[in-house]
Amino acid sequence: MDMRRTFRQTIYEAFLLLWKDIKDIRWAIMLIIAYFVLGLKYLYSLCPMVMITGFPCPGCGLTRAGFRLLRLDFTGAFRMHPFIYLIVVYAGMFGWNRYVRKQKMGKYLNAFLLLLMIGMVIFYIWRMANYFPGDPPMSYYRRNLLRILAGWIIL
């Protein structure tokens, strides 16, 4: 007996697994949404590192790059953060592996993720050396928590 799934069954089962995953992490999703909603209204930045130190993080610009990618501004997305494309590739590979093949991460996906993170740190160091301080996202934000605390301590 052939146990192959049809395309329709595969999509249906993938959707059910995705829905289960969303339900399992619903509180985290709600907290992230609340953080973004409140952060956009009351904070000058959504990046915790920027708010604390004033310096951009290795991921600074990824959200803007993602929004540019959604608007099909491929050049603008690349200029904002070139790693957005590798992250999209990783997300696609992860989704395929998790929801279609129904398998765990695997050593290749883990290695890809590790290389992606190492590459982002190297790119961050290069970007800081060549473009900091400059145009966003490579800007220094003076209203950061450490600077405010230092001002209180010095007074």
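Just to be sure I understand the rule: take each whole DSSP H helix in the chain, project its Cα atoms onto its long axis, keep it if the span is 15 Å or more and its mean Kyte-Doolittle hydropathy is at least 0.0. Which ones pass?
On the way: long enough: 7-24 (25 Å, -0.08); 26-42 (23 Å, 1.48); 84-95 (16 Å, 2.02); 106-131 (36 Å, 1.18).
TM-like helix candidates: 26-42, 84-95, 106-131.
Calculate the FRET efficiency for PHE132 and ILE153 from the Cβ-Cβ distance with a Förster distance of 35 Å, rounded to the nearest 0.05.
Details: r = 26 Å, r/R0 = 0.73.
With R0 = 35 Å, the Cβ-Cβ based efficiency is 0.85.
Please give the FRET efficiency for LYS104 paired with CYS57, using the beta carbon to beta carbon distance and R0 = 25 Å, rounded to the nearest 0.05.
Working: r = 29 Å, r/R0 = 1.14.
Efficiency, rounded to the nearest 0.05: 0.30.
How large is Rg/Rh for segment 40-80, to two decimals, with Cα atoms and a Kirkwood Rh? Before the final figure, lay out the partial values.
On the way: Rg = 11.6 Å, Rh = 11.0 Å.
When Rh is taken as the Kirkwood radius, the ratio is 1.05.
For MET117 and TRP27 in one chain, what is 0.36 nm times their gap in residues minus the Cα-Cα distance, to one decimal in nm? Write down the numbers at each step before the final one.
Values: separation 90, 0.36 × 90 = 32.40 nm, distance 2.61 nm.
Length difference between fully extended and current span is 29.8 nm.
Using the Cα centre of the chain as origin and beta-carbon charges of +1 (Lys, Arg) and -1 (Asp, Glu), tell me which of LEU16, MET117, PHE83 is placed farthest towards the positive end of the dipole.
Going by the charge dipole, the pick is LEU16.
About the Cα centre of segment 92-155, how large is the charge dipole given +1 on each Lys and Arg Cβ and -1 on each Asp and Glu Cβ? Please answer in debye to the nearest 20. Write down the numbers at each step before the final one.
Working: 9 positive and 1 negative charges, 78 e Å.
The calculation lands at about 380 debye.
Hey, could you grab the Kirkwood Rh for the chain? Inverse mean 1/r over distinct alpha carbon pairs, Å, one decimal. Don't jump to the answer; show the numbers that get you there.
Details: mean 1/r = 0.0538 Å⁻¹.
Evaluated on the chain, it is 18.6 Å.
Considering only C-alpha atoms, what is the centroid distance from segment 1-76 to segment 94-155, in Å?
If we compute the Cα centre of each part, the gap is 15 Å.
Mind checking the dipole of segment 43-154: about its Cα centre, +1 per Lys or Arg Cβ, -1 per Asp or Glu Cβ, Debye to the nearest 20?
Numbers: 13 positive and 2 negative charges, 73 e Å.
Here segment 43-154 has a charge dipole of around 340 debye.
Normalise the Cα radius of gyration of segment 11-96 by 2.2 N^0.38 Å (N = residues in it) and let me know the number. Walk me through the numbers on the way to the answer.
Numbers: Rg = 15.5 Å, N = 86, 2.2 N^0.38 = 12.0 Å.
Against the empirical 2.2 N^0.38 Å value, I get 1.30 for segment 11-96.
Which of the three applies to segment 80-124, rounded, prolate or oblate, going by the alpha-carbon gyration tensor with a ≥ b ≥ c and a/c under 1.5 meaning rounded? Could you put the intermediate results ahead of the total?
Details: a/c = 5.01, a/b = 1.81, b/c = 2.76.
It is oblate, given that a/c is not under 1.5 and a/b is not larger than b/c.
None of the figures in this text is laboratory data; all of them are computed from the coordinates on show. Computed from a prediction, not measured in an experiment: that's the story for all the values here. Every residue, glycine among them, receives a Cβ derived from its backbone with ideal geometry; neighbour counts consider all protein chains shown.
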